[in-house]
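The values are calculated or read from the model by the stated rules, or taken from the named source; none is laboratory data. Only a predicted model underlies this, so the values are computations on that prediction, with no experimental measurement involved. Here the Cβ positions follow ideal geometry from the backbone for every residue, glycine too, while neighbour counts run over all protein chains shown. With ligands, DNA and RNA removed, areas are computed over all heavy atoms of the protein, side chains included. Shrake-Rupley method; radii C 1.70, N 1.55, O 1.52, S 1.80 Å.
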Amino acid sequence: MRIKEGFLKKRSHGIGHGWQKRWFYLMKNKLIYFKRGKAKPAGSIPLEKCFLCEDDSTPQYKGRFKMKFGDDEKDTFYFDTYRKKADEMYDQAAEKERWIAAINQNITAAKRQESTTPKKVRKLGTHAERAPFVTDLPCNERPFFVIN
C-alpha cells in the first residue's frame with residue numbers, strides 16, 4: 001500500500017555527491033525509488049533500520065531533510081523537495097514537513113512490527129530489497145542472506 005508518493009531529489013553516496021531526481025513511494029516499511037521512465041525500482045530504503053528522519057534545511061535550501069541509519073555520514077540519506085518548474089502554489093517547506101511526518105510515522109510502525117515478528121533467515125531478493133548500505137558494496141562482497 002502506497003502511503004505517500006512523489007518526486008524528491010536524493011543525494012548519491014558516490015563520487016561527487018550529486019543530486020538525482022527520483023520518483024518515490026513510501027510504503028508501510030520501506031521507501032522505494034525509481035529512475036524516470038523505469039518500471040523496476042532503482043533502490044529501496046528499509047525503514048526499520050532508520051532511527052531518525054529530520055529537517056536538514058537552510059535558508060537557501062528550504063526543502064532538505066535527511067534519514068539517519070547510524071552516526072557516520074555514510075549512514076545518512078539526504079533528500080530535497082526542490083522543484084525547478086514548480087508553480088507558485090507549491091510550498092517546498094510544507095512538502096518537506098509532510099514527507100518527514102509520514103516517514104517518521106512509518107519508521108515507528110516498521111520498528112514496532114519488526115520487534116513483534118520472529119527472526120528468520122531469508123534469501124535476499126531483488127537489488128531493491130537490500131539494505132541501502134549493501135548496495136554500496138562491490139558485487140563480490142554483497143551478502144546472499146539477511147536475518148529479519
Open item on the list: Checking ARG22 against (1) touching a helix residue (DSSP H, G or I) at 6+ places or on another chain (Cβ under 8 Å); (2) surrounded by 15 or more Cβ atoms within 10 Å (Cβ to Cβ); (3) over 22 Å from ARG112 (Cβ atoms): exactly one of these is not met. Which one?
Closed with: (1)
TODO: Would you please name the residue that is least open to solvent (accessible area, probe 1.4 Å), looking only at residues in the stretch 79-96 that are touching a residue at least 24 places away in the same chain (Cβ under 8 Å) and out of contact with any Phe, Trp or Tyr (no Cβ under 8 Å at 6 or more places or on another chain)?
DONE: GLU95
- [ ] Evaluate the stretch 55-64: report whether one residue or more is of a type in the set (Lys, Arg) and closer than 19 Å to LYS4 by Cα.
- [x] yes
Open item on the list: Checking the condition more than 20 Å from LYS111 (Cβ to Cβ), open to solvent by 50 Å² or more (accessible area, probe 1.4 Å) and either in contact with a His (Cβ under 6 Å, 6 or more places away or on another chain) or basic (Lys, Arg) (or both), which residue from LYS40, LYS30 passes?
Closed with: LYS40
Task: Output for the stretch 1-19, where each listed residue is closer than 27 Å to GLN113 by Cβ and part of a strand (DSSP E or B) - done: LYS4, GLU5, GLY6, LEU8, LYS10
Task: MET89 modelled with pLDDT of 75 or more and over 24 Å from GLN20 (Cβ atoms) - done: yes
Task: 2 or more residues closer than 19 Å to LYS9 by Cβ and touching a strand residue (DSSP E or B) at 6+ places or on another chain (Cβ under 8 Å): qualifying strands (runs of 3 or more DSSP E) within the stretch 44-124 - done: 52-55, 64-68, 76-80
